[in-house]
Amino acid sequence: MMPRGPLAAEIYDTARPVPSWWEASAPPDRARPALEGERTAEVAIIGGGYAGLSAARVLAGLGIEAVVLEAGAIGWGASGRNGGIAGPGGHKLSDAALLRRHGAGEVTRHYALLAEHLAGLREFCVETGLGDQVQGAGEMVLAHSPRAARGLDAAPPGFTARPVAPSGRADVARYGGAVVSPAFGIHPLRLVRALADAAAGAGAAVLPGSPVMAWHREGAQHRLVTPRGSLRARTVLVATNGFTPDGLDPALDGRAVPVISNIAVTRPLTGDERAQHPWLGADPAADTRNMLSYFRLLPEGRLLFGMRGDVTGADANTATMRQRVIRRIAQQLPGFAEAEAEYFWRGPICATARLTPAVGWLDRTARVACALGWHGSGIGMGTLGGRLAAGLVAGAPEAEIPAPMRGPAPRLPLPGLRPVYVAVAMKLLAMQDRVT
Ligand SMILES: Cc1cc2nc3c(=O)[nH]c(=O)nc-3n(C[C@H](O)[C@H](O)[C@H](O)COP(=O)(O)OP(=O)(O)OC[C@H]3O[C@@H](n4cnc5c(N)ncnc54)[C@H](O)[C@@H]3O)c2cc1C
């Protein structure tokens, strides 16, 4: 059995197709081979999502031989099943806490790099034929209370904020908000496949259906064993985010904190339905609560609506979570809930104990690096983190990575209890949402 993390076993079962709108609406992927037999590479990358593929693309571009081992199909992980909102998130600290911890210079560098990266990612989407899937010019951030509305006009460095007027209705936009740019909506599965093509085009090997079942350290080399082969490499980059397994390598255990996110997609809304919330256009949106909702009107006129909830992702909880999502649509976007949810799926995002991403060496001597912990905003931050991790393993100084995402995340004590920690944190955060 493939080693797995602390969630329900079914979450890690790559043989199960993801019942997402993205799978239903994307053309079939090209055929890609699995790892067969013995192979060597300079850098082995575990995980074929945004982070691993972005890293592979950069490494190959530098002439460094990189091989990506992905357990499922390309995009089977969170990269092929997310909300498709490419925005400025990536950590869960308050702005004040981020500044206290890292100082204004590093925080500015962090955001400015992310803003520049998002603009480049948008261009990548257009250049790779996904232009008709790029939606909006920014992310609409909607205040969940009058207090939360204060300060929303102050965008992070490198970003701009345009005010959104209160909707005048009993909906999620009643207190108004701001559109933060650059940000956009995208078809996430088509994006991850485009990244796989770009990495392969640059010379990397992208091998789906290749779960790493065992990891042996043999002298200065690593040997990663898959069901039909093994890969030897001097350097390993772990890019498994919310699917990070325990028991594969001691450097990794207990550092990733997976949290379940849930998404429903409705049938196309009618013109009358869309007229109920005219403020919702092409820009993807989210509210300001800790236990946030995120939503988009897709190019096909369907509503995509997502929220956190449930701590293990077990099948037994799927029907309850589906009902909860539909109830939340009715509360926040009354009128849209009449539209049947035709698709519903789930998956893990990845938090860390320090609430910021983790890009750096897990074990510098043994050359094991990681790029994970995007806190639910991996389209921008995961592609950027993969890029920076590639630079690191190619020899760039660690200081090139802005401090808010630099270095491995600390281990949590008693890592088997992560779902319990998440349950407690969710309760506290929901309480905080009610009083802020
Ligand atoms: C429901 C949902 C909604 C989201 N919405 C958004 C959004 O709107 N905007 C946004 O920016 N982000 C969103 N996210 C987060 C975003 O999807 C992730 O942050 C991002 O996809 C992570 O990319 P990654 O490459 O780091 O990891 P992943 O894409 O999760 O890839 C990790 C891969 O590692 C593989 N793996 C694990 N173990 C092994 C092994 N032993 N051997 C080989 N391979 C292995 C897995 O199969 C998996 O495919 C959402 C996530 C979810 C689940």
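The values are calculated or read from the model by the stated rules, or taken from the named source; none is laboratory data. Because the structure is predicted, anything quoted here is derived from the model rather than measured. Reconstructed Cβ throughout: ideal geometry from the backbone, glycine too, with neighbour counts over all protein chains shown. To get the accessible areas, we keep the full protein, side chains included, count just its heavy atoms, and leave off ligands, DNA and RNA. Shrake-Rupley method; radii C 1.70, N 1.55, O 1.52, S 1.80 Å.
Across the range 94-108, in residue order, what do the Karplus-derived ³J(HN,Hα) couplings come to in whole Hz, using 6.51 cos²θ - 1.76 cosθ + 1.60 with θ = phi - 60° and x for Gly and Pro?
In residue order, the calculated couplings are 5, 4, 4, 5, 4, 5, 4, 6, 10, x, 5, x, 6, 5, 4 Hz.
Which FRET efficiency value, to the nearest 0.05, is calculated for residue 220 and residue 400 with the Förster distance at 30 angstrom and r the Cβ-Cβ distance?
So the FRET efficiency works out to roughly 0.75.
Ordered by packing density, taken as the mean number of other Cβ atoms within 10 Å over each peptide's residues, highest first, how do 282-291, 376-385 rank?
Ranked from most to least packed, the peptides come out as 376-385, 282-291.
Work the Kirkwood hydrodynamic radius out for the range 143-281: mean of 1/r over every pair of different alpha-carbon atoms, inverted, in Å.
Details: mean 1/r = 0.0491 Å⁻¹.
With all distinct Cα pairs of the range 143-281 included, I get 20.4 Å.
What is the angle, in °, between the Cα long axis of helix 188-202 and the longest principal axis of the Cα atoms in the chain? Nearest 10 is fine, range 0 to 90.
Approximately 30 degrees, to the nearest 10.
Roughly to the nearest percent, how much of the accessible area of the range 9-77 is carbon and sulfur, given a 1.4 Å probe?
The computed percentage sits at 54.
Tally up the carbon and sulfur contribution to the accessible surface of the range 114-161 as a whole percent, 1.4 Å probe, everything protein left in place.
The computed percentage sits at 51.
Which of rounded, prolate or oblate describes the chain when judged by the alpha-carbon gyration tensor and an a/c cut-off of 1.5?
prolate
Give a residue-ordered list of calculated ³J(HN,Hα) values for the range 281-292 (Karplus: 6.51 cos²θ - 1.76 cosθ + 1.60, θ = phi - 60°; whole Hz; x for Gly, Pro).
Along the range 281-292, the couplings run x, 6, 5, x, 9, 8, 9, 8, 5, 4, 8, 6 Hz.
Using the Cα centre as the reference, give the magnitude of the dipole from point charges on the C-beta atoms of the range 48-125 (Lys, Arg: +1; Asp, Glu: -1; all else neutral), rounded to the nearest 20 debye.
Rounded to the nearest 20 debye, it is 260 debye.
Quick check: at a probe of 1.4 Å, how many percent of the accessible area of the range 211-329 sits on carbon and sulfur atoms?
52
Among 412, 71, 240, pick out the residue whose Cα is farthest towards the positive end of the charge dipole of the chain, where Lys and Arg carry +1 and Asp and Glu carry -1 on C-beta, about the Cα centre.
412
Stretched out fully, how many nm does the piece from residue 319 to residue 10 gain, at 0.36 nm a residue minus the Cα gap?
Gain on extension, residue 319 to residue 10, equals 109.7 nm.
Based on alpha-carbon centroids, what's the gap between the range 358-373 and the range 270-284 in Å, whole number please?
If you average the Cα positions of each part, the centres end up 44 Å apart.
If you roll a 1.4 Å probe over the heavy atoms of the protein chains, what accessible area per residue do you get for the range 27-158, in Å²? Walk me through the intermediate numbers first.
Details: 5560 Å² over 132 residues.
Using a 1.4 Å probe on heavy atoms only, each residue of the range 27-158 averages 42 Å².
Using alpha carbons only, how many degrees (0 to 90, rounded to 10) separate the axis of helix 50-61 from the longest principal axis of the chain?
That works out to roughly 50 degrees.
Sticking to Cα atoms, compute the Rg of the range 389-436 to one decimal and its Dmax as the biggest Cα-Cα distance, whole number, in Å.
My reading of the Cα-based Rg and Dmax gives 17.0, 47 Å.
Compute the distance from the alpha-carbon center of the range 61-111 to that of the range 392-436, in whole Å.
Between the Cα centre of the range 61-111 and that of the range 392-436, the gap is 12 Å.
Helix 380-393: angle to the longest alpha-carbon principal axis of the chain, degrees 0 to 90, nearest 10?
The angle comes out near 20 degrees.
About the Cα centre of the range 282-387, what is the dipole size in debye to 20, counting +1 per Lys and Arg Cβ and -1 per Asp and Glu Cβ, all else neutral?
Using only the charged Cβ atoms, the result is roughly 440 debye.
How about the range 44-132: which GluC sites (Glu not before Pro) there lie in a loop by DSSP and see at most 10 other Cβ atoms within 10 Å?
none
What residue among 138, 89, 306 has the largest mean-square fluctuation in a Gaussian network model of the chain, using Cα springs under 10 Å?
Largest GNM mean-square fluctuation: 89.
Using the heavy atoms of the protein chains and a 1.4 angstrom probe, tell me the accessible area per residue for the range 305-380 in square angstrom. List each step's numbers first, then the result.
On the way: 2610 Å² over 76 residues.
Ligands and nucleic acids excluded, the figure is 34 Å² per residue.
What are the ³J(HN,Hα) couplings of the range 302-316, residue after residue, when phi is run through the Karplus curve with 6.51, -1.76, 1.60 and θ = phi - 60°? Round to Hz, x for glycine and proline.
7, 9, 9, 9, x, 7, 6, x, 6, 10, 10, x, 5, 3, 4
Taking a label point 7 Å from the Cα of residue 65 along the Cα→Cβ vector, which residues of the range 223-241 have an amide N closer than 18 Å to it?
Zone members listed by number: 223-226, 229-237.
Which of the GluC sites (Glu not before Pro) found in the range 319-419 are in a DSSP loop and have at most 16 neighbouring Cβ atoms, other than their own, within 10 Å?
340
Just how large is the dipole of the chain about the Cα centre, in debye to the nearest 20, putting +1 at every Lys and Arg Cβ and -1 at every Asp and Glu Cβ? Mind dumping the intermediate values first?
Numbers: 45 positive and 37 negative charges, 195 e Å.
Roughly 940 debye, rounded to the nearest 20.
Once the Cα gyration tensor of the range 233-331 is diagonalised, what are the square roots of 5 times its eigenvalues, in whole Å and ordered largest first, as equivalent ellipsoid semi-axes? Write down the numbers at each step before the final one.
Working: eigenvalues 243, 55, 28 Å².
Rounded to whole Å, the semi-axes are 35, 17, 12.
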